[in-house]
Amino acid sequence: MIKKSKISVVIARSRNSYVQTVESLKGQACEVIVVDGTKGLSYARNEGVKKANNEIICFLDDGAVAHPNYINDLTEEFIRTGAEIIGGLVLPLGEIPLWFPFEMHAMLAVSPVSREIYGCNLAVRKEVFKKINFRFNERLGRKKGNLASGEESELLSLAKEAGIKIHRSNKAIVYHRVTDERRTYRYFVRRVFWEGRTQILREKFIKHLFLGVATMVISFFRWLIYATSFAFYIYGALYQFILAKINKTKN
């Protein structure tokens with residue numbers, strides 16, 4: 001049985017917004033551990049695991065704001081499901097551009113309902129790290145100047161292979177800021193580029209270069225298809241609107 005005070009929340013501090021993340025957890029029964037994130041997200045999370053005093057370790061981004069009932073909901077989900085790893089729902093805090101495809105919202109650290117688990121709202125029983133002898137890969141995870149990701153993917157992959165129960169919950173909710181920077185085409189292109197690089201960093205052999213390049217290219221052209229479709233949709237609507245106006249004038 002999990003007691004409500006048995007959750008440690010690890011926050012990697014890399015920007016001032018972490019203050020709001022900490023504030024959102026005030027009054028909730030948990031241990032909050034803020035770690036310097038300037039050496040990288042994975043490094044900070046490894047340090048957080050060392051410092052955590054409780055049986056469940058929850059990882060939140062420093063751009064996230066926890067729901068007022070977050071810890072209670074997370075606790076109840078662990079009890080209800082018997083899972084050893086739970087990924088919660090991440091909703092946008094801020095406007096998402098219309099041109100940004102729904103299927104790619106993960107690039108904004110937002111997880112659509114019933115989709116994959118992301119590291120910005122991830123809770124793990126501490127014993128899992130010992131069971132699979134896991135440390136977050138410090139070549140992955142955000143660092144100043146790069147957008148490498150996928151550090152939680154290795155954890156989830158190894159846990160799945162070990163038969164550890166993983167649950168995706170829509171009840172443990174956090175909100176993630178969609179900053180002005182993330183709403184730009186420049187950020188999108190950089191994010192796709194680093195998605196490809198991440199695939200290489202996750203693998204240790206150059207033979208996987210093709211996989212990384214393919215991922216980057218597919219992601220970009222997938223977005224291009226959506227953007228082109230939307231452009232033709234607008235064109236068709238405007239064409240029909242103008243045609244209707246012309247016909248009305250003739251009549």
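The values are calculated or read from the model by the stated rules, or taken from the named source; none is laboratory data. Here the structure is a predicted model, which is why all the values come from computation and not from measurement. As a convention, Cβ positions derive from the backbone with ideal geometry for all residues, glycine included, and neighbour counts pool all protein chains shown.
Looking at the stretch 40-48, can you tell me whether even one residue there is surrounded by fewer than 20 Cβ atoms within 10 Å (Cβ to Cβ), without any contact (Cβ under 8 Å) to a residue 40 or more places away in the chain and not in a strand (DSSP E or B)?
yes
May I ask you to say which residue of Thr215, Thr179 is at pLDDT below 75 and either polar (S, T, N, Q) or in contact with a His (Cβ under 6 Å, 6 or more places away or on another chain) (or both)?
On the way: Thr179 fails: at pLDDT below 75.
From the options Thr215, Thr179, the qualifying one is Thr215.
In this structure, does Arg135 turn out to be modelled with pLDDT under 75, in a loop (DSSP other than H, G, I, E, B), more than 15 Å from Glu84 (Cα to Cα) and out of contact with any Phe, Trp or Tyr (no Cβ under 6 Å at 6 or more places or on another chain)? Before the answer, list the steps.
Details: modelled with pLDDT under 75: no; in a loop (DSSP other than H, G, I, E, B): yes; more than 15 Å from Glu84 (Cα to Cα): yes; out of contact with any Phe, Trp or Tyr (no Cβ under 6 Å at 6 or more places or on another chain): yes.
It is false that Arg135 is modelled with pLDDT under 75, in a loop (DSSP other than H, G, I, E, B), more than 15 Å from Glu84 (Cα to Cα) and out of contact with any Phe, Trp or Tyr (no Cβ under 6 Å at 6 or more places or on another chain).
If you scan the stretch 153-197, which residues turn out to be surrounded by 17 or more Cβ atoms within 10 Å (Cβ to Cβ), touching a Phe, Trp or Tyr at 6+ places or on another chain (Cβ under 9 Å), closer than 22 Å to Thr81 by Cα and not small (Gly, Ala, Ser)?
Within the stretch 153-197, Leu155, His167, Ile173, Val174 meet the criteria.
Identify the single condition in (1) of a type in the set (D, E, K, R); (2) modelled with pLDDT of 85 or more; (3) buried (at least 22 other Cβ atoms within 10 Å of the Cβ) that Asp62 does not satisfy, given that it satisfies every other one.
Unmet condition: (2).
Would it be correct to say that Ser169 is in a helix (DSSP H, G or I) and modelled with pLDDT of 75 or more?
On the way: in a helix (DSSP H, G or I): no; modelled with pLDDT of 75 or more: yes.
No.
Mind listing just one residue for me: the one in the stretch 138-166 that is among the acidic types (Asp, Glu) and out of contact with any Ser or Thr (no Cβ under 6 Å at 6 or more places or on another chain) and, of those, modelled with the highest pLDDT?
Glu161
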